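Working notes for the structure below.
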């Protein structure tokens with residue numbers, strides 16, 4: 001019995017295989033032929049001959065109906081995880097005869113979903129059929145597949161054949177970007193030393209540069225992260241730090257420790273965190289870049305999202321961690337916190353599988369420890385302490 005399915009599959013993809021009705025007709029034709037030999041009755045020979053003729057025609061026509069079909073695929077627009085991919089194919093009949101009773105199957109990667117089938121009643125001669133379907137997505141990634149399978153049993157349904165067509169597809173599923181209303185991790189970055197300045201309006205010094213800036217009255221459109229609240233309370237009006245950028249003109253780098261070993265769920269949360277922090281920093285009009293072990297520094301919405309869609313743990317460490325920028329370091333390895341540059345911050349996911357004695361955290365730089373079993377967005381929005 002184990003050989004039946006592989007044999008049937010081989011016949012369907014290279015020639016054609018009998019369906020249940022085909023087997024029944026073949027057995028019936030053999031029985032009539034045997035009865036005709038025993039009885040020498042002409043009508044039995046006639047019935048068996050007609051049956052064999054039908055089987056022959058039914059075996060030849062299905063493969064021929066698929067030879068003139070071609071498939072083209074429209075490019076797919078990227079979506080975020082949880083949204084539906086729009087997949088569009090066009091099946092064109094290049095022959096002078098209509099094609100009927102056709103089955104089209106898009107062979108998706110198993111991580112994206114099961115193969116999707118579509119039954120088509122008729123494609124007119126020199127015509128085409130446009131098939132659009134929507135594939136749900138669960139996780140980020142770049143998915144590629146190449147095969148679309150055509151199947152037909154027309155016109156009698158006694159034999160079934162399948163033929164594969166090469167039709168490459170690339171689907172990009174971006175990580176989820178959380179709509180952060182606030183993020184102290186970024187809002188307060190570079191302000192540790194500023195908070196130590198004189199609250200009476202004397203010049204304040206940023207944490208990551210030697211540049212001196214003063215306070216000025218608040219103007220419409222100024223980012224609220226630049227408001228110096230203690231001085232504003234003293235003067236009875238909003239006062240803003242006179243800063244070009246929170247980091248004194250330097251760029252913030254969201255750095256994902258993709259070269260390290262991660263637990264799968266923690267790494268997925270880290271990717272979501274990286275995307276959310278990047279776009280939150282852009283919303284706050286900060287200059288921000290993304291760093292991963294395989295890409296070095298990149299910027300631009302599309303490049304960042306595609307990089308985060310494709311990244312994976314244990315990537316080749318082809319680029320060094322930038323030391324000249326303040327980082328927001330996303331990692332599961334607490335030992336890596338000791339090498340961060342001045343003004344950097346970190347987000348740490350505890351490694352559940354590691355022994356407790358290895359979880360030694362360096363509190364020289366401020367940061368937060370996230371719990372993977374709790375909602376991510378509230379943890380990124382909560383106020384944290386500087387140690």
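Since every read-out is calculated from the coordinates, none of them should be taken as a lab result. Since we're looking at a predicted model, the values are computed, not measured. Here the Cβ positions follow ideal geometry from the backbone for every residue, glycine too, while neighbour counts run over all protein chains shown.
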Among 138, 94, 374, which one moves the most in a GNM of the chain with springs linking Cα atoms closer than 10 Å?
-> 374
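Can you tell me how much longer the chain between residue 4 and residue 182 gets when fully stretched, taken as 0.36 nm per residue apart minus their C-alpha distance, in nm with one decimal?
Values: separation 178, 0.36 × 178 = 64.08 nm, distance 6.20 nm.
Gain on stretching residue 4 to residue 182: 57.9 nm.
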Length gain on complete extension for the stretch residue 13 to residue 52, per 0.36 nm per residue less the alpha carbon to alpha carbon distance?
-> 11.8 nm
Alpha-carbon centroid distance for the pair segment 1-28 / segment 138-171, whole angstrom = 20 Å
Please give, to one decimal in nm, the separation of the simple spin-label points placed at residue 297 and residue 77, each 7 Å out from Cα toward the Cβ.
-> 3.3 nm
Neighbouring Cβ atoms within 10 Å as the yardstick, rank 349, 291 fewest first.
-> 349, 291
Of the beta bridges DSSP finds with both residues in the chain, what % are antiparallel, to the nearest 5?
-> 75 percent
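Rounded to the nearest 0.05, what FRET efficiency do residue 222 and residue 170 give with R0 = 41 Å and r taken as the Cβ-Cβ distance? Could you check? Could the numbers behind the result be given before it?
On the way: r = 43 Å, r/R0 = 1.05.
FRET efficiency, residue 222 to residue 170: 0.45.
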By its C-alpha gyration tensor, with a ≥ b ≥ c as the square roots of the eigenvalues, how is segment 252-381 shaped: rounded for a/c under 1.5, else prolate for a/b larger than b/c, else oblate?
-> rounded
Taking R0 as 56 Å, what's the FRET efficiency between residue 320 and residue 28 from their Cβ-Cβ distance, rounded to 0.05?
-> 0.15
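Nearest-5 percent of antiparallel DSSP beta bridges in segment 252-381?
15 percent
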Alpha carbon centroid spacing (whole Å) that separates segment 254-315 from segment 46-82 | 45 Å
For the chain, find the longest principal axis of its Cα atoms and tell me its angle to the long axis of helix 264-283, 0 to 90°, nearest 10.
-> 60 degrees
Using a basic spin-label model with each label point 7 Å from the Cα along Cα→Cβ, how many nm lie between residue 352 and residue 335?
-> 2.3 nm
Give the angle, between 0 and 90 degrees and rounded to the nearest 10, that separates the Cα long axis of helix 20-39 from the longest principal axis of the Cα atoms of the chain.
-> 10 degrees
Compute the acute angle (0 to 90°) between the alpha-carbon long axis of helix 42-66 and the principal axis of greatest extent of the alpha-carbon atoms of the chain; round to the nearest 10°.
-> 30 degrees
For a footprinting-style exposure proxy, rank 335, 69 by other Cβ within 10 Å, fewest first.
-> 335, 69
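Suppose R0 equals 22 Å. What FRET efficiency, 1/(1 + (r/R0)^6) with r the Cβ-Cβ distance, do residue 60 and residue 121 give to the nearest 0.05?
Numbers: r = 22 Å, r/R0 = 0.99.
So, using R0 = 22 Å, E works out to roughly 0.50.
As a test of the definition: which semi-axes, in Å, follow for the chain when you take the square root of five times each eigenvalue of its alpha carbon gyration tensor? Largest first, please. List each step's numbers first, then the result.
Working: eigenvalues 944, 98, 43 Å².
Values for the chain, descending: 69, 22, 15 Å.
Calculate, in nm to one decimal, what residue 41 and residue 382 gain on full extension: separation in residues at 0.36 nm each, minus their alpha carbon distance. Write down the numbers at each step before the final one.
Numbers: separation 341, 0.36 × 341 = 122.76 nm, distance 9.26 nm.
Extra length from residue 41 to residue 382 when fully extended: 113.5 nm.
So what's the back-of-envelope 222 nm ellipticity for the chain, counting only DSSP H runs of four-plus at -39500 (n - 2.57) apiece and dividing by all residues, rounded to 500?
Rounded to the nearest 500, the figure is -8500 deg cm²/dmol.
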Pop a pseudo-label 7 angstrom from the Cα along the beta-carbon direction at both residue 235 and residue 310 and give the gap in nm to one decimal.
-> 4.9 nm
Could you line up 301, 316 from fewest to most neighbouring Cβ atoms inside 10 Å?
-> 316, 301
